[in-house]
Structures are given as C-alpha cells and as structure tokens.
Amino acid sequence: MYRNDSRYTPRRSIIQNALAGILTFGVISPMAMAQQAGASGAPVSVHYYDLKPGSLVQTLEAIEAISGRHISFDRAALQDGRANKVLGNFSAGTAISQALAGTNYLLNEDHVGSLVVTPAPVVTVVAKRDQAESEFKADRSDTATRGGTSLHLVPGAVTLLTGKVLESQQATNLVEALRNVSGMAFSQTPQRMTTFNIRGFNASSNTNGVPDSSATSRSVFSVERVEVLKGPQAILAGGGALGGAVNIVVKKPQADDIRDLYLQYGTHNDKTAAVDLSGAISDDKRLSYRTIVSLQDATGSDSGTDGKNSKGLTQSFRWKDASTDFIVSADYTKDLNPVLPYTFALRNGKIMPKPDRLLANRHDGFDVTVRRYNYQLEQALAKNVTLVSRLQKTTQDFDLHVPSANGFTYARGAAPDSPQPDISFSASRTMSQDQTLSGDHYLRFNFATGEVRHKLSTGFSHSNYGLDSYQTTETYVNVPVYSSTPYTFDDLRDRSTTPSNQSYNGQRQRAVYVQEMLSYDKWNVLLNLRRNRYVVAESQATYFGKPDVHVSTPSTTLYHTIPGAGIVYQLNDNTALYASYAEGYIPFTDRSCTLGTVPPNITRNRELGAKFDLLDSRFTLTTSLFSLQQSNTRVYDRINNCYNTRDAQRSRGAEIDAQGRLMAGLDLIFNYTYSQVADPVVATTVFTGIEKHKMSLWTVYKAQSANWKGWGVGAGITANSGSLGNINPTYQFNVPGGARLDASVYYSMPRWDLTFGVKNILDRTLYDTTVSNSYVPLLPGRSYVLTAKYSFK
C-alpha cells in the first residue's frame, strides 16, 4: 500500500537537495567537475553543450557528434519529438536526460553500454473496482481532508463501512448499517423516520462529499462505502454538523465487467431482486457505465402493517484517462416504509408489553421519493495541480401518514400505574418537498518546500436548501390499546383532509476555504479555515382557521469563520498518535437580550487518539478520547421576549474502531463507545437517548482447507447499556439495555454466492432510545434472510 509519508520516502538533507538540483539543471562549472560516472561506475567523458530547444532527432544527433558516444534511436518514431535546451558540461547520458526532461521519451542503456532512446510506453488508465467493494477495510477518504490522504495520517477518528461489510451482513438499509459505528446514536418518533447523531449532537449527511439531507434514503446495493467523520465537520458541511458527518459514496462505473444478480428472500415474505452491471463502452476502456436496479416488496412488517416496498435505479457514466476522471449519474429511489413497532411506558417507569392490535391502518407509513442528478470531476491541470468539482441536485417528496399516540392519560390523583384505559391518537398527515442544490469545487496542489511536503486544497462550496410543507389534521381519536374491544384505524390519507398549516423555509450557504496537510519527517499537520456566509431565507407560514393566520419572517444573512487543526506523529511504521481541534455551529436569527441577534450555537471538539496499521496494512485499529462542548445555547426570557445564551451539553468519552483481515479468511469489524453527557451549568438537566456503553462486533470466516472449500460462517453481537427515556424529570424512566446475536452461513461456488443469515437469534425484546413515555420503539425480533448472488461472465 502506498503512503505519501516519510516512512516510504528517504530523507535527504538540504545539502543533498541542493546537489541534486545542481546536477539536474546542469550548472556545474567545468572547473568543478571533469568527469561523471556511468552506469557501470567507470569514469565517462564530460563535454560542453549549448543546444537550443528544437527537434529531438537533431538534438540527439548533435549530442552524438559532440560526445562521440553512439546513441541508438528510431528516427521515424522520434521525428515529432521536441527536445529541451541543453547547456553545460555533461556526460552524454546526462545531456540526453536534460533534453528528454518532461517529455514522453525514455533513456536506457543496453547490455553493451549503448545509449538507447525510445518513446515511453503508452499507459492506459481505466476505472477499476474500488477497495471498498471487495474488502472489509478501505485506506483512504477524499472527504476527510479533500486530499485523498491515508486515514492513518488523518488527525481524527474516521470509520469506513465498506460495501463488502454491508454485503456480508445482508444489510437492508443504511440506518441499520450505521450501528456498526462507534459514537453513533439514533432517534425515533412516530412523526418522522429514524435520524442519527454522533457523540451526542446532530450530524450532517452527504453524498459523494456534498450536502444531501436525503443521503441515507437509497438502495444499499448502490453504496460503495459509508464514511463517518467523528467530531464537528463545519469545514466540510458548514452550519449544522455539530457532532459529525455521514458521507455516502456511491458505486462508480468500472472498465472491468461486473454482471451481478442478487435474489433475496426473508421474514414477512420480503422479496428483493437487484442487478449490478458495469463495464467498458469504448474499445480503449476509458468510457464505462454502471447500472444498478433494485426492487423490494414485503407483505408484512414487525408492526403488523404493510411491509416495505422499494424501487431503486442508479445510472452513471464515467470517462477516465491519465488526466481526467469525470462521472455523471442519475439516481431514483421510491420507498414505502411501514410504521415502526412501539409500545408505551407508565408514569412509574414500567414499560408495557407490545400491544396486540395495530396502532395504525395497514397502509399507513412513510413514503419517500428521491431524485438525484450529479457530476464528479477530477481534472489534472498540471503535474501537481488537480481540479476537483462536484455538483448535485436532490429533490425529495415526503408523505407521512402515521397516527401519533399521545400516551396514557391519568385521572386526577390516580396512581402512576393506573392510567385511563384509552390512549388518544392525533390524526395528522404531513406532505413536504425539499430541494437541495449543493456543490464543492477546489484546486488541490501537491508540492514541497525543502523537506516539507504540502497537500493544499483551496476552493468554494455552496448549498441551497428549501422545504415546502403542507399538513392536514382531524380531531383526536381514543383507542382501547390494551383492550379486546375491536378498533380499526382509517387510512390517514382518506381521513385527514382538513388543512392545518402550510409553510416554506430554507437556507443558502456560500463558503471559501483552505485545507492544508503539511508533512515533515514523522510529523503531519492538518490546518483548516472556512469563511461561511449563511442566509436564512425569508420564511412563510399560514395557519388555517377562522380566520387564517399568516406569519412571515424576513431573510437574514450571517457570517461565521470556522477554524480547525490537527497533528499526527508517526511513532513507528505501524503507530500514529494524533490530536485535533474542530468546531461546528448552527446560526440563530432570534433577538438577543443584550444586542442584535443571538450568536451561533457552537460545539468545540478536542480529541486525542492513536491509530494502528497492523498485519501488513490488512487491519486497522483506532482509539480516541474526546471532549465535545456546546456553547451559546439559547435561554428564553419571557418577560423581555428575547434570548440569553449559556454553555450547555458537554459530551466526553472514548471510542474504539477496528476492522480488516486478522488472518487468511478471517475478517472483522468492531466498535465500542463509552459516553458521559452532562450540563456544566444546570446539573439537573436530563439527557435522553444516551447509552453509556455501546458495542458491536461482526466477524466472517471463510474456510481455507480443501475439505471445506467454499464454506464460511459469520457471527456478531450488538449490545448497549440502558438510557433515560423522557426529558421531563417528573416522568423519567429507564430504557433497558440489551444484546442481539446474529449469525450467517456462506457457501461459494465459481459463479454463485449463497448466504443464509439470522438476526436476533434469541428473539429477545429489545428497545431503541426514546424521549417520551408515549413512544418506546421496539427493535425487530428474530428474522431470517436468504441471499443468492450470481455473477455472469
């Protein structure tokens, strides 16, 4: 594995560099050197040359005449060649080298010592399958530093979930796959799909390095890898990434043929078919394509409603040669997602059993349609200068038609374990469309100043986001959830028809930035600076009633500068120690009680860690300690109708991430998180959904002996400690922790790969995190899935 670091580059002193420069540019005086050594070590004659730039054939003939050395070359093959100026006292070989510098011609010496000049062989650069598609471990990320730096040298914790990991786990969605990542937590409510945060704070989502609020809404068959960057990522995404960022990298076209068919069947009559096709279009293999189609349909779900129905299409084309890598793609995803199973908690903290009845109509759920159009360009402008440009347009249509439970109610003076028998459900439907146009464009420079090497990226990023939302509602209905009394929910799309409100809001960001990685000896320093212009667009909202109420908020423009820094010290070839500082922010437009608007909410991450590159770079281990402090949290002053600010949440903890190949046939991915969350000002503040301990392990072994050739097994465990379940201290309760066991069996033949997996083998009742007694989400029970993959030639 190649690394651009000092372990693989011999150190040269300043004197050595100076001498090399003198020899290269030929300013050695005749008095300084009378002879130079040839390839055999024997002295060779030195002559004075003063040849102007011109025909390569004529220059070689002149060198031959001056030096008396025979030069072998094909005049017809070199007739269009141009030579550089040759001036100074040189041997014949050095003179030729100077004439050929920067050209597509090579100088060699044959077995009898003759000088031979030939055209350089033509190397065709074509698209190849990425490491993340075939291994548990990937080594590089363009997102982390915009420079393609090895993750071993990035001063921060970064986890890559490769496509191979997703395939081996038979992952059906990306949110579930993210449970492999340390520091990751999830949030669910009846009125939105599952969201995630990192290190206790919200995280941004991106596709191919540009902001995309719908990034995780796509078929897993189209994903090359998932990159998770821990700590604030304002340098990447601007405002919003307080705790980290998730970047989805989509599979790219390849010149080599890919002809994969996937057939899958699982619990709830869940049927999936997918095809992944790629290959060259042009004879020189520079133009290639990739087509990925997936269809999924399940007749049921864990909640008892209709199962998931999904359609996905990704079509992309790629031109790749020695200087250009250009990809254009279109992506379409349509998901009909079922209501998630959940239960309730009493005021005394007891969690009730899962209700026997449906808590929605069979056809209720979350309907999401996403359309994406994008391009990615890497263009070499010079030997050490590359232009990188990425642009994406995303449109998401969202239709949420799920009744929302309001939890148990209690008669006055009733005991905490004696609620009213019925639970009320709100009947609201939300339809929205959000659009994002985002891009990132920069120049990447690779150069050296003395013994310091530089990877410098400087550029411009932009993002436009707008959200149109429309809501309808009806009166509440009371449902005998824990009673045998029959009750059937109406389809909300039929029942909820009375307009409630309509709104528009959005934001625009523009930023210039510079990122530089400096490398000297065993030290690597990463410096970041971003100047962000954040425009909160004029918002409009109408609340329908008698009369209608219209509210408008004017546009506001805010500016913020985001610094960041990190340092890595390579203790030895396998171990790197790092420290880093990063910031995240969310701007506010509210009135401050002091003057002007409230300052932005800031998170500051301080991190120490160690990275271990082991077993000939087949296995990597990252350990980190972090402290993430939030400041400028708003506190409302009701009397003066304004806001003050104070320090608030502080997250501290430790993380371990490991993945790769431990030995022949044995792959593993492991993570562990220890978290502590507190309010440094108000000690009684309650933080829900934070698990103090969390871990996951997944390992696959493919048999190496001839007797068991083709067979393999996989096993994994996901476990977490408990968490608090209500932000209201009066009704606070504990969500118990738990552990889930999974296992798989594999069998491979020349063209077939078969996988049979069982998740939650022990069928344990497991809970996800929550913020309310009225919604305690349940994780899936025992389930199975059989996957067959057939590769056509």
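The values are calculated or read from the model by the stated rules, or taken from the named source; none is laboratory data. Keep in mind that this is a model prediction, so the values were computed, not measured. Virtual Cβ from ideal backbone geometry, glycine too; neighbours counted across all protein chains shown.
The residues in the range 403-419 that are in contact (Cβ under 8 Å) with a residue 12 or more places away in the chain and either surrounded by 13 or more Cβ atoms within 10 Å (Cβ to Cβ) or among the hydroxyl-bearing types (S, T, Y) (or both) can be counted, and the count is 10. The residues on offer are A658, A648, and the sole one that is at pLDDT below 90 and buried (at least 17 other Cβ atoms within 10 Å of the Cβ) is A648.
Would you mind stating whether N206 is surrounded by 24 or more Cβ atoms within 10 Å (Cβ to Cβ), closer than 24 Å to T622 by Cα and not basic (K, R)? Criteria met by N206. Using the structure shown, decide if L741 is at pLDDT below 95 and either surrounded by 20 or more Cβ atoms within 10 Å (Cβ to Cβ) or on the phi < 0 side of the Ramachandran plot (or both). So L741 does not fit the description; no. Exactly one residue among V479, V388 is hydrophobic (A, V, I, L, M, F, W, C), touching a helix residue (DSSP H, G or I) at 6+ places or on another chain (Cβ under 9 Å) and either more than 27 Å from L359 (Cα to Cα) or modelled with pLDDT of 90 or more (or both), and that residue is V388.
Taking the stated definitions as given, is F447 of a type in the set (F, W, Y), touching a His at 6+ places or on another chain (Cβ under 7 Å), over 30 Å from I351 (Cα atoms) and in a strand (DSSP E or B)? In short, yes. In the range 581-697, counting only strands (runs of 3 or more DSSP E) that sit wholly within it, the ones holding 3 or more residues that are among the β-branched types (V, I, T) and in contact (Cβ under 8 Å) with a residue 40 or more places away in the chain span 666-678. Filter the range 388-424 down to residues that are among the charged types (D, E, K, R) and out of contact with any Leu (no Cβ under 7 Å at 6 or more places or on another chain) and give me whichever is farthest from F366 (Cα to Cα). Applying the filter and picking the extreme gives R412.
When residues in the range 492-520 are screened for being among the charged types (D, E, K, R) and at pLDDT 90 or above, 3 of them pass. For the range 476-512, the candidate set comprises residues that are β-branched (V, I, T) and within 23 Å of P338 (Cα to Cα); within that set, the residue that is surrounded by the fewest Cβ atoms within 10 Å (Cβ to Cβ) is T488.
The set of residues from the range 211-231 being in contact with an Asp or Glu (Cβ under 8 Å, 6 or more places away or on another chain), outside any loop (DSSP other than H, G, I, E, B) and more than 27 Å from S651 (Cβ to Cβ) comprises F221, S222, E224. Under the condition of being closer than 11 Å to R347 by Cα, surrounded by fewer than 20 Cβ atoms within 10 Å (Cβ to Cβ) and touching a strand residue (DSSP E or B) at 6+ places or on another chain (Cβ under 7 Å), the residues counted in the range 721-732 number 1. Checked against (1) more than 30 Å from I248 (Cα to Cα); (2) polar (S, T, N, Q); (3) in contact with a Gly (Cβ under 7 Å, 6 or more places away or on another chain); (4) buried (at least 19 other Cβ atoms within 10 Å of the Cβ), N89 passes all but condition (3).
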